[in-house]
Amino acid sequence: MGLTLDQIANLFHLTGSLPYGDTAVTQAEHARQTAALALAEDAAAPLVTAALLHDLGHLIIQHPDIVRIEGADYKHQYFVLPFLRGLFGSDVLEPIRLHVEAHRYLCFVEPDYLGPRNSAARRALDQAGGVFDATQASEFSSIPWAPEAIRLRRWDDQACLISAEPPPPLSYFLEIASGVAQRHQAMRLPRLGSLPQESSGQPTTRHSAARQRATPSTLQSTVPSTVPTAVPNTATISPWPAAAKHR
């Protein structure tokens with residue numbers, strides 16, 4: 001049931017041209033923009049991968065060979081997990097699983113968060129259960145991977161605009177995802193000798209080099225390793241110009 005990275009790439013090519021809700025971008029453009037925002041904030045490779053794949057469930061559900069299930073799009077964050085579990089660990093899967101709940105959380109801690117967003121965002125929020133109450137928000141904030149899901153949700157909600165400078169191509173981000181998958185597999189299969197020294201939650205040499213190529217020198221991130229519960233909004237930062245130059 002699990003997908004390979006080649007199959008994920010094919011899925012983007014097959015259904016990624018479908019519109020992202022009622023915005024001006026496609027599903028594939030939205031995924032690349034979300035991943036580019038994560039890269040610009042110096043996110044670790046697994047979180048960049050989660051940003052790229054957070055809506056992959058929509059693409060699977062819209063595949064012509066999949067039987068349509070009413071309301072499945074509103075559970076896309078769960079629907080996708082069995083397809084990715086063979087490739088990635090919790091550092092990718094959990095932010096994806098929690099990114100819809102993170103929307104409910106953000107709308108509670110920041111009452112103006114939804115703001116003038118499109119009607120599709122409001123419908124999705126309602127379908128997810130609406131804005132959290134105080135107890136729900138407190139419980140969510142204590143869940144492992146909630147800070148990462150909150151960061152992912154902010155990027156998700158910013159990645160819906162046409163830009164003159166496009167983010168790097170899909171292949172660029174799939175290379176990062178490949179490195180994350182390889183390290184996850186290495187940790188699952190003990191070898192004779194030493195295990196890889198890098199933690200799956202930290203950027204790899206390959207990812208660090210890619211980030212240096214894709215991120216302007218003026219955007220050297222100072223995001224701490226422990227993210228505050230309410231992650232600051234950095235929507236005014238644009239990661240695209242330097243990223244596009246090094247595609």
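The values are calculated or read from the model by the stated rules, or taken from the named source; none is laboratory data. Since this is a predicted model, take the numbers as computed values, not measurements. All Cβ positions, glycine included, derive from the backbone under ideal geometry; neighbour counts span all protein chains shown. Heads up: the accessible areas ignore ligands, DNA and RNA and are worked out on the full protein's heavy atoms, side chains in. Shrake-Rupley method; radii C 1.70, N 1.55, O 1.52, S 1.80 Å.
Of the accessible area of segment 108-178, with the probe set at 1.4 angstrom, what percent is carbon plus sulfur?
54
Would you rank ILE162, ILE61, ILE143 by solvent-accessible area, highest first, keeping every protein chain in place and using a 1.4 Å probe? Walk me through the numbers on the way to the answer.
Numbers: ILE162 115, ILE61 5, ILE143 60 Å².
Ranking ILE162, ILE61, ILE143 by accessible area, largest first, yields ILE162, ILE143, ILE61.
For PHE132, what accessible area in Å² do you get when you roll a 1.4 Å probe over the heavy atoms of the protein chains, rounding to the nearest 10?
10
Just to check I understand the Karplus step: with θ = phi - 60° and J = 6.51 cos²θ - 1.76 cosθ + 1.60, what whole-Hz values come out for segment 107-114, glycine and proline as x?
Going residue by residue, I get 5, 7, 6, 10, x, 8, 4, 5 Hz, with x marking Gly and Pro.
Is the shape of segment 7-49 best called rounded, prolate or oblate, per the rule: a/c under 1.5 gives rounded, else a/b larger than b/c gives prolate, else oblate, with a ≥ b ≥ c the square roots of the Cα gyration tensor eigenvalues?
Here segment 7-49 falls in the oblate category.
At LEU114 and ALA128, where each label point lies 7 Å from the Cα along Cα→Cβ, what is the point-to-point distance in nanometres?
1.1
Report the extension gain between GLN136 and GLN7 in nm, rounded to one decimal, defined as 0.36 nm multiplied by the number of residues separating them, less their alpha carbon distance. Please list the in-between numbers first.
On the way: separation 129, 0.36 × 129 = 46.44 nm, distance 3.69 nm.
Net length gain for the segment: 42.8 nm.
Need one value: the accessible area of SER178 in square angstrom, 1.4 angstrom probe, rounded to the nearest 10.
Taking all protein chains as shown, SER178 has close to 30 Å².
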